[in-house]
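Structure record follows, encoded as structure tokens.
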Amino acid sequence: MNKIRFFFFCVCSLPAVQFAYACGNEYYQSIQIPVKKDSLLLSHLLIAPDEFSRPYWWNGFADNIVFTRDSLYSAMANKAGLYPESIDAKYKTIIQKLLSAGEFKLLSDYAWYELRVGDKKRSLLLLEELYRRYPDEYNIVANLGTAYEVNGNNSKAMELLKRAVEINPRSHYNSEWIHIKILEQKIAVQPDYSKIINLDIKDFAVWLNDPKYQFPQLPDSLKKQLAFQLHERISFIGPPDPVVAQLVLDFADIVAKHDGHAAALPFYEYASVYGKENMSAIVTKRKEIIAQTKKEIESTFRRAAIIWAVPLLAFVLIFFAWLRSRKNNRES
């Protein structure tokens, strides 16, 4: 165990690796979202905070994930008392030895990385075997659900994800309900990904300026949950993708209403990147409405300034006239 932890400490000390961004349900890695004083750092989602990092929403790291997968396999081989050679050479023997030794955490983490960059069906088979032996381990159940989804079995994926939430309802910043909603729409006869978050936007201009609107959850919590789920999906899926496009659009809408119009614009652009022509049209319309709203707000402030300036100027003139009158009276 100590050797495995030391291996991960050494790997995570390399600034270019950024394993925090290759997220999953791992035993030997902690997953963080970019926050400061419990508030989501919007700027870190799309822009790297420094030259040694990557944005939180980053579709990449394939080479680093392959390195981690291979390093985990070497650790497994060492645990089994065998020389690793290639992954295929002694794979079955190593897996069986570790299953017999109860090394489910190491095997689960390896299966996650294998799912990312290796043989997805082999990863699924390993996770199925782990689930048979450890049906109450949240990481294994949740990873198996993801493996079913990646392998095209969305119904089975939803079944496992619901089971995982029963085991650990607070996992992933309480965000796994989003994953389940995604799967519900994937298996629907007519998928409608706007129903995942369900902001209920019929007229964006009216919604944006409605002071009585209530978010499905507190907006700060909803932004964190969406940020995490998008981080997971974006690390798996490159553009275009309708699910990611819709979720980023929802995120941008929440930011526009809760954090300000300017803060939302980069996320609308990112939604266009993941969407197709219809999403680009939606984003263009959103940006036009935001620009028009900004002009109207500025115009309102100018009118208000004029309305207040006229009586204020009159008051100042009357006041100085009164002072002059008093001075004249004293002199006379």
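Which entries in Lys105/Lys186; Lys105/Lys162; Lys162/Lys276; Lys105/Lys195; Lys223/Lys287 show an alpha-carbon gap greater than 24 Å?
Table pairs above 24 Å Cα-Cα are Lys105/Lys186; Lys162/Lys276; Lys105/Lys195.
Across the chain, where is the longest run that never hits trypsin sites (Lys or Arg not before Pro) in a DSSP loop with at most 10 other C-beta atoms within 10 Å?
38-169
Determine, at each q value in 0.10 (inverse angstroms), the log₁₀ of I(q)/I(0) that the Debye formula gives when each Cα of the chain is one equal point scatterer.
Taking Cα atoms of the chain as identical point scatterers yields -0.67.
Lys and Arg at +1, Asp and Glu at -1: add these up for the other residues within a Cβ distance under 10 Å of Tyr213 and post the number. If you can, show how the numbers build up before the last one.
Values: positive: Lys212, Lys257; negative: Asp200, Asp210.
Around Tyr213, the surrounding residues sum to 0.
About the Cα centre of the chain, how large is the charge dipole given +1 on each Lys and Arg Cβ and -1 on each Asp and Glu Cβ? Please answer in debye to the nearest 20.
On the way: 42 positive and 37 negative charges, 208 e Å.
Charge dipole, the chain, about its Cα centre: 1000 debye, nearest 20.
Helix-only mean residue ellipticity at 222 nm, the chain, DSSP H runs n ≥ 4 weighted -39,500 (n - 2.57), per residue, nearest 500. What is it?
Per the formula, -22000 deg cm²/dmol.
Using 0.36 nm per residue, how much length does the chain from Leu125 to Tyr173 gain when fully extended, once their Cα-Cα distance is taken away?
Working: separation 48, 0.36 × 48 = 17.28 nm, distance 2.82 nm.
Extra length from Leu125 to Tyr173 when fully extended: 14.5 nm.
Starting from 0.36 nm per residue, how many nanometres of slack lie between Ala314 and Ile187 once their C-alpha separation is accounted for? Walk me through the numbers on the way to the answer.
Details: separation 127, 0.36 × 127 = 45.72 nm, distance 6.85 nm.
That works out to 38.9 nm of additional length.
Tell me, in nm to one decimal, what length is gained between Tyr83 and Gln32 on full extension, where the rule is 0.36 nm per residue of separation less the Cα-Cα distance? If you can, show how the numbers build up before the last one.
Working: separation 51, 0.36 × 51 = 18.36 nm, distance 3.41 nm.
Between Tyr83 and Gln32, full extension yields 14.9 nm more.
Bear in mind these aren't lab numbers, they're just calculated from the coordinates by the rules spelled out. Fair warning: this is a prediction, and the values are worked out from it, not measured in the lab. All Cβ positions, even for glycine, are placed from backbone atoms using ideal geometry, and neighbour counts span all protein chains on display.
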